[in-house]
Amino acid sequence: MEQLDPQTLATLEHHLAQVLQPDSALISQATAELNAFFGLPVCVPALVHVLGASTNAGVRQLAGVIVRARLIRQWMKLPADVHVWIKANLLAMIAVEPLSIVRHATAAVIGIIAKHDMRANNWPELVQFVFQCSQSSEVAHREIGIYVVRMMCESGDSFLEPHLPSLLQMFALALADAANPSIQQLAIEAMTFLTPLLDQFDFLTLAAISTGVDIQQVADRARRKAKGSKASKSQLAAVAQSLQEQTLVQFRGLLLSALDFIRARFAANDQTSAILALELFDEAIESPLPLIAPIAHAVIEFAVEIGANRAVPDDARIKALSLLSWFASFKRRALSSSKVIQQVIPALFNILAEHDEQLALHYGGTYDAQEDAQNIRGGQQQQQAQANAEDDDDDDDDEDEEGGQSIGDKPFQVAGQIIHHFGLSFPASLVLPPILDLMASAMSSPNPYHRKAAMICLQVLCEGCPAALAEHLPLLLQYIGVCIEDAVNSFVREAAVIALAEMSSTIEEVLDYHEQVMPRLMLALTDPSERVQEKAGYSIEHYCFHLGERVLPYVPHVVGQLLLVIANATHLNTRAYAVGGVAAVALAAKSEFVPYLPQILPSLLEFLAIEDDEHMPLRIGATDALGSIVKAVGSEHCGSVAEQIMPVVVAGLEKHADDAELSQSTFSLFASLAAVFKEAFSPYLPHLMPTLLSVCESNYGLEMHRAKSNDDQGFRLPPSLDVDQGAEDEPEASDDENEQAGEDDDDDDHSGEDSDVDEIRATDTFLEEKETAINVLGELCVHCFSGFHPFIPAVMSVLCELTRYHYPEIRKASVVSLTDILGALYKAAAGDYSWTASAPELVTVFPSEETVGAMTVIFPTMLRRLRLDNDPTVVIATLESFDTIITTMGPAALANGVGERLLKFIYRVLQRKAMCQGDSASSNADEDDEENLADNAADASDSQDIAETEQILIETAAALLSTCARAVGPAFATHLPKIMRWIGLYAQKDRSESERSLAVGIVAEIVAAAREGTIPYAPMLLEFFLTGLGDPNDEVCSNSSYGTGVVCEVASSVLLPHFGQIFKCLANVFQQERELYNTRDNVCGAFCRMISVGAAQLPLEMAIAAILQHLPLRVDFAENKTVYPVLIALVQQNNATIWKFMPQLIAASAHVLREAATELSTAPEVAAQLVELLRLLAGTYPDYLAVLSQLPADDRVAVESLLGSA
């Protein structure tokens, strides 16, 4: 390399020194000179020289920062002799540099060069250098060595792979250096960067290096295996496996040493180092390798220990507690033990019951239970979004620097978030028993905060464990009653009232207890505390909204009390929630609410004119209420009101554009008006659509929390908020199939991109405003299609982008609205066209080119969500949307490969291998690989008591199979072998009752839809259903009875010889002493199906006697459509056997007709057939009048009335 010019070096150092002066003119001048110098070839060597030679420490550091930035892009362009000179000088410089800040800048430069040169093994001296440093007796040298290793790991990728054993050895030496915590800290930071890379390392290559085998031979062997070679494992593969296991054992030992370091830092009051070190465990838990599982108990115990210690600062407690959520997200099995849960949940409960004086002062002496609940749910949503993000490291650094924690980030709130997460992630049988025990103790505890904690537990578990909570409703309502009647502690009463609101939104059965609940809510409306009154209004809004017409007896009293609160309360929120309660009562009461309009509308119109920020909650509540009332009572009573309010709300939307809550309420009002006035609302759309689209596209309200750069190079925002960034598609379809399905996955792989964004957060109001805007777009398209039609291309573009948004509720809403748009397009184009079932490949007629174009955009977007989304609620919504589309469009929705890809995903869900199923998922599993079949089946059967959310996911996916079958018809039967392979696992005796019922019911529905296509599989299906007949559960037995009848009907050509034996199996159900009403209804249906296709093969008299003995049907009234037409046909055929049972037939028919008159149970066509039957019998059956006279009076009157009017 040429000698550097001393004058050039002096000038460079001078300009660098000027940049450091507090003089803007000097800085500008020096910057201009430096920018010119940076274009010269000598730039990088000169900067490296100054880095090592300047006597000004600030200049040396700045030179290091700049040279690192230049080398990122220019290193490979420099000559080889410059490479050699720079690398040699850097190692010499860092070894003698006295200041750590300059050493760190130098190490950052070394890390960049290592990323380029070590991949090709062009810098072997570096590894030797850092290893020697790590063994040095000089503390400074050891720190230099481990800091260089840290920088290598931070910028590292596969180039670290050959050096992994050496790295682990250096980490062990550093962590053992207890006298120098800074060295230990650097080792942990290096491990934190290395951990995500471990699963990318090729241990086969490492084994080849350690054994001296030629790498090319390794590659050839791997290639032969990829082509399907069944050769036994080579010796090299055995070495690789042993090396990987040894590495994992070593790394676990390092993790335990890191735990010891963190404990020591907490003991030394060094909270900052301890919190930073905990990041290592976030990475280890998230890793797909089994790094953490064998030591999970120690990590969980540590997290609980620190989280429960009130002597530890809140931020440290929160960081420790967050490990439990990471376990729940990525390593569920580590927590899926009753012993672990029993250890963790009581600790969380005690944290939840903590009394924080600062927080009490913030809330005026009491806790705000509703705000607690919102913070808990919001925090869980933020954490889920963080888990979705590509780069989510160092999530506490900036928060500490920017003013500390907010009032909402308290350990008790985080504890609530974790319990909420547990409820969503784990079986209720694990989570609920210890919670119920704690709740029981809390009711008699002298500490009121225990009762508050019990109520918050109830609130946060409603979403994840609704079915399990429903089983304990009487006890839970008793606890709520105790808390509402707590005369001393208003925060306990608040929490109890909010619990009722949460229960009413998720546990349908609580509505059956309205006689207990409504009086308690109305009592809360008169509470001395306005805060309790406020929450009572909120709870009445939720409870009455779901109560429906059962609210009518309470309307006068509850509306009267709510109007008093609206008129007299001093707190705005109290009045606003009371307005919301009135709106919910209106929605439930519908036209019965009309008499109350004169009392409430003047107040709402007055509130609608509010402009000042202080009273804005009332305007927001009034806007919401007007939308609900209009929807409840209809255009007839609110036409003039709508014309009066639209100018006001549109003007308010423009004037208060930055008020997300007002915008959200206004958007909801638009949706209500559109639903009532339909196309008459279209003239307003040109004024509204720009605002709605702007809100959907806006990032207002987002906070980008950015990771600090070690070289002070600043920050950059991510290119998008794409939740799928960095995700790769599973290899589930060929390129041709992807092209046919219209799937554009060009942007799937961003794994090579860097991002300095640490975490993306948003306020709840921002997210709710965006979610509401998205939902309203779909509703406007449905109700005002003509006016909405010109906006469809722009709306689809925005919504497709939002399906990849960081927050699950936004993704879910976007999928649903896209479904609304596609359905509206199809219905507008199809007109009176009605699809018929057929194989998707035979579909040749589509309603319009516009609909087809929308399908090619929307279907790939939805399929992407299924594959890549890790939030099960988003996937459930997407599956439900597919169900809606297929029901609407029929086989056209499954054409062009969509159906095959959809089925493939359903199989993965049934195997519990989908991305959204957490650590049970395996993106590399292939259900078509026969070698993996046993493993996949074992995985699907594992942990059979699964979380309720995942149970809903499986049920939704399975239900979609029957929807597809109805669309495809007989051709769908070819999928039965694979369907039976996977769904049959859920029918096994050791599965839960709901799973067994689901499996049998779905197969029965598929048979009913595919009909004659199932004939080749009839023996297999019959065996499956007959097995289910012996199940002790009524629902399973009922579904099996239905399935038996259907398969006999559609495959009679194959099964007729077996009808006698099948009849005996079905008849045995009637011999059971249990009250299997649903099953008996379906057995009657099965008998009738068999009679319709093979009466001669049955003991007909026994069959008819059994049927009529169990009429009328008690539960499954849909079977009336099967039973009565068959019996009527026998009468019309003058079958001698049926005439023997005429009194019973007349009695059953009369009962059904009476029920039909009340529209309870019978289809109109069946009722019409029965009327004709009785009219026929009146003229042909001699004892008709005598039988009629013996009937119950109500039945007799119904028959006489219907026959007289028929």
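Before moving on, here are some points about what is shown:
- Averaging 1/r over each pair of different alpha-carbon atoms in the range 1006-1107 and inverting the result gives 13.2 Å, the Kirkwood hydrodynamic radius.
- Chain lengthening between Gln1071 and Glu679 when straightened (0.36 nm per residue, less Cα-Cα): 135.2 nm
- FRET efficiency for the pair Ala567 and Ser797, taken as 1/(1 + (r/R0)^6) with r the Cβ-Cβ distance and R0 = 35 Å, rounds to 0.15.
- Seen from Ala675, the other residues with C-beta closer than 10 Å to its C-beta sum to a net charge of +1, counting Lys and Arg as +1 and Asp and Glu as -1.
- Between Arg263 and Ala179, the contour length at 0.36 nm per residue exceeds the Cα-Cα span by 28.8 nm.
- By average C-beta atoms within 10 angstrom, highest first, the peptides 494-505, 902-913: 494-505, 902-913
- Ordering Trp123, Trp85 by the number of other Cβ atoms within 10 Å of each residue's own Cβ, fewest first, gives Trp85, Trp123.
- Counted by Cβ distance under 11 Å from Thr11, the other residues give a net charge of -3, where Lys and Arg count +1 and Asp and Glu count -1.
- Three-way shape call for the range 103-144 based on the alpha-carbon gyration tensor, with the a/c threshold at 1.5: oblate
- Measuring against 26 Å, Cα to Cα, the residue pairs Lys631/Lys827; Lys319/Lys913; Lys812/Lys989; Lys590/Lys1121; Lys631/Lys770; Lys827/Lys978 contain Lys319/Lys913; Lys812/Lys989; Lys590/Lys1121; Lys827/Lys978 as the ones spanning a longer distance.
- The distance between label points at Asn447 and Gln128 comes to 6.3 nm (points 7 Å beyond Cα on the Cα→Cβ vector).
- Scoring 1126-1136, 805-815, 125-135, 525-535 by mean Cβ neighbours within 10 Å over their residues and listing the highest first yields 805-815, 525-535, 125-135, 1126-1136.
- Here the label points at His297 and Ala238, each 7 Å from Cα along the C-beta direction, are separated by 3.2 nm in the simple model.
- Taking a ≥ b ≥ c as the square roots of the Cα gyration tensor eigenvalues, the range 52-159 comes out oblate, since a/c reaches at least 1.5 and a/b does not exceed b/c.
- Ala17-Asp270 pseudo-label distance in nm [points 7 Å out on the Cα-to-Cβ vector]: 3.6 nm
- The peptide list 859-869, 1016-1026, 440-450, 344-354, put in order of mean Cβ contacts within 10 Å with the highest first, becomes 859-869, 344-354, 1016-1026, 440-450.
- Shape analysis of the range 784-911 places it in the oblate category; the axes a ≥ b ≥ c from the Cα gyration tensor give an a/c of at least 1.5, with a/b not above b/c.
- Dividing the Cα radius of gyration of the range 1110-1206 by its Kirkwood radius returns 0.92 for Rg/Rh.
- Taking a sphere under 12 Å around the Cβ of Ala1198 and counting the other residues whose Cβ falls inside, with K and R at +1 and D and E at -1, yields a net charge of -2.
- Gln1061-Thr856 FRET efficiency (beta carbon distance; Förster radius 56 Å; 0.05 resolution): 0.60
- Gain on full extension, evaluated as 0.36 nm per residue between Ala32 and Val648 minus their Cα-Cα distance, stands at 216.2 nm.
All of the numbers you see were taken from the coordinates with simple rules; none came from a lab. What you see is a predicted model, and the numbers here were worked out from it, not measured in a lab. Virtual Cβ from ideal backbone geometry, glycine too; neighbours counted across all protein chains shown.
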